[in-house]
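The next block holds one structure in the form of structure tokens; read it before the comments.
The values are calculated or read from the model by the stated rules, or taken from the named source; none is laboratory data. These numbers were taken from a predicted model, which means no experiment stands behind them. All Cβ positions, glycine included, derive from the backbone under ideal geometry; neighbour counts span all protein chains shown. Protein only, heavy atoms only, side chains kept; ligands, DNA and RNA dropped before computing areas. Shrake-Rupley method; radii C 1.70, N 1.55, O 1.52, S 1.80 Å.
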Amino acid sequence: MKRLFITLSFIVLAIATALAQSFTIDDLTYTITDVENHYVSVSKSSTTLSGKLEIPSQIKYPEVTGITYTVTSVPANAFTGCTELTSIIVPNR
């Protein structure tokens, strides 16, 4: 019975994660672009970013499910208004 509960909890959490179209970690917003392949695009979550920004090639969200998403795109206007950014390092793919 306990095993069934844990399994069902994991399934519900996984479905909830898939339905969440975007999530924010460390001042960056990741938007899920491909649920099956675990791809995301990245953009700012606020205009307070400053200095050098290094976009990670992969991000894990949420920690509980262990799903790792690959950053595959950065929209053209992703960092509009971030006047204090000096450089953005985009991961090689």
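For the stretch 20-93, give the magnitude of the charge dipole about the Cα centre (Cβ charges: +1 Lys/Arg, -1 Asp/Glu; no others), in debye to the nearest 20. Please report the intermediate quantities before stating the final value.
On the way: 4 positive and 7 negative charges, 27 e Å.
Around 120 debye, computed over the stretch 20-93.
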At a 10 angstrom cut-off on C-beta neighbours, averaged per residue, how do the peptides 40-50, 70-80 rank from highest to lowest? 40-50, 70-80
Area of residue 54 that stays accessible when all protein chains are in place (1.4 Å probe, Å², to 10): 120 Å²
